[in-house]
Amino acid sequence: MPIENNLAGDLQLIVPNLHRRYSGVTATNRMVAPKLAAIYRAAWLGPHAPDGIARMGFTDLLKLWRHPAPLIWHARRNDEMIAGLLLRALGWPLKLVFTSAAQRHHKRLTRWLIRQMDAIIATSALSASFLRREATVVVHGVDTDSYAPPIDRAAAFAEANMQGRYAIGCFGRVRAQKGTDVFVEAMCRLLPRYPDFTAVIVGAVVPEQQAFANGLQARVAEAGLQSRIVMTGEIGIEDVQRWYRRLTVYAFTSRNEGFGLTLIEAMASGAALVAARAGAAEFVVEDGVTGVLTPPGDVEALVAALEPLMRDPASAIAMGERGRVRVVEKFSLQAEAHAIAAVYRTLV
């Protein structure tokens, strides 16, 4: 859906995505952008454009110089903030918004860029605490139609042609920050005790992490579990959603995160959740009710939290049902979009 002349005339919102590599930031942006486009006349600038929002190229951007009305430029990375500031200095009538998910002290450049923004959104109260200026907290949401339990989870599992009856998953790029090694070690200990389970790791291995991934594969081979710990590599979003629907248990093992979107994706899909206390886990999860919280990087704690669910899959299924209800009530994509739109209304 390319940008049209009549849209350019009354465009209100530009959603820039200036990174070619697909990331968690891109994923969250892609999900909420079409919902925002239903509220504001919006266009997506850059790769990985989702359906449901007009696409604009850099030629289209040039045509918006001296646009008659203010345009919202909603950045989510440093380079997008820098681009917005440069464009505004050169005559583009931009109102600059930045969303921060980081849960750490920002570097000097980022702090300076944040001070130049017209409005700041934080994805959690903890993220907001590091910003040194006023911010509106808007938590991420998930499309609860796309991420939903299957009609028949056993049939969904059977489609994968894996061993056993149940799947336990860990999604995200294969690297230490995501705790993939913690998950693999826990599986090497647990899977021999629970033959009905097969583990799946869904996520890309980037070249600089190949040695790390090779080490994980060597550990799997050492344990003789090559057929029961499946690594998919990078796959399309529809396939990711398909894998979520096959899971009975999801392990969120990140050592640190800005938010951790897979938390609510897995819960929305009806998987029982064991989550490290990283990102938004402590805010999202009701410990012992809609999930179980563990210390980051702690293999022993992960094993102890996963084993009761693997021993009693019925309890895992019940926990997954409770998690789904919580996401529908608290973390819908529609609620996120309307909260962001309320910030925009303060600017234009």
Fill in the blank from the handout: Checked against the positive end of the charge dipole of the range 108-178 (+1 on Cβ of Lys and Arg, -1 on Cβ of Asp and Glu, about the Cα centre), the farthest of 125, 174, 114 is 114
Practice task
Please state, to two decimals, what the Cα-based radius of gyration of the range 209-348 comes to when divided by 2.2 N^0.38 Å (N = residues).
Solution key: 1.18
Problem - Residue-by-residue Karplus 3J(HN,Hα) for the range 336-348, coefficients 6.51, -1.76, 1.60, Hz, glycine and proline x - result: 4, 4, 5, 5, 5, 4, 5, 5, 4, 5, 6, 9, 9
Fill in the blank from the handout: Quick calc, the range 69-129, dipole around Cα centre from Cβ unit charges on Lys, Arg (+) and Asp, Glu (-), nearest 20 debye, gives 220
Completion exercise
For the range 309-317, Karplus-derived ³J(HN,Hα) couplings (6.51, -1.76, 1.60; θ = phi - 60°; whole Hz; x for glycine and proline) come out as 6, 6, 5, 10, x, 4, 5, 5, 4
Practice task
Sort 92, 65 so that the residue with the fewest other Cβ atoms within 10 Å of its own Cβ comes first and the one with the most comes last.
Solution key: 65, 92
Handout entry: Dipole magnitude of the chain about its Cα centre (Cβ charges: Lys, Arg +1; Asp, Glu -1), debye to nearest 20
Key = 1040
Problem - Footprinting exposure proxy for 188, 170 (fewest neighbouring C-beta atoms within 10 Å first) - result: 188, 170
Handout entry: Under 15 Å, Cβ to Cβ, from residue 197 - net charge with Lys/Arg +1 and Asp/Glu -1
Key = +4
Problem - Among 154, 68, 83 - extreme Cα towards positive end, dipole of the range 1-155, charges at beta-carbon - result: 83
Problem - Built amide H within the under 5 Å cut-off of residue 55, gap 5+ - result: 3, 44
Fill in the blank from the handout: Which residues qualify? For residue 252, with a placed amide H closer than 5 Å and at least 5 residues away or on another chain, they are 274, 275, 276
Practice task
Would you please give the residues with an amide H less than 5 Å from that of residue 94, counting only those at least 5 places away or on a separate chain, with H modeled from the backbone geometry?
Solution key: 71
Completion exercise
Applied in sequence order to the range 278-283, the curve 6.51 cos²θ - 1.76 cosθ + 1.60 (Karplus, θ = phi - 60°) yields integer Hz couplings, x standing for Gly and Pro, of 9, x, 9, 4, 5, 7
Problem - Among [x] 89, 62, 43; [y] 60, 46, 40; [z] 67, 41, 37, the entry derived from the coordinates for Cα extents along the principal axes in Å - result: [z]
Exercise for the section: Sort the following peptides by mean Cβ neighbour count (other Cβ atoms within 10 Å, averaged over residues), highest first: 336-348, 231-243, 72-84, 133-145. Expected result: 72-84, 133-145, 336-348, 231-243
Handout entry: Assigned charges on the beta-carbon of Lys, Arg, Asp, Glu; the range 82-181 dipole about Cα centre (debye)
Key = 780
Fill in the blank from the handout: Given all pairs of distinct Cα atoms, the range 209-272 yields a Kirkwood Rh in Å of 13.6
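Every number here is computed from the coordinates shown, using simple stated rules; none is lab data. All values reported here derive from a predicted model rather than from experimental measurement. With ideal geometry, Cβ positions are generated from the backbone for all residues, glycine too; neighbour counts draw on all protein chains shown.
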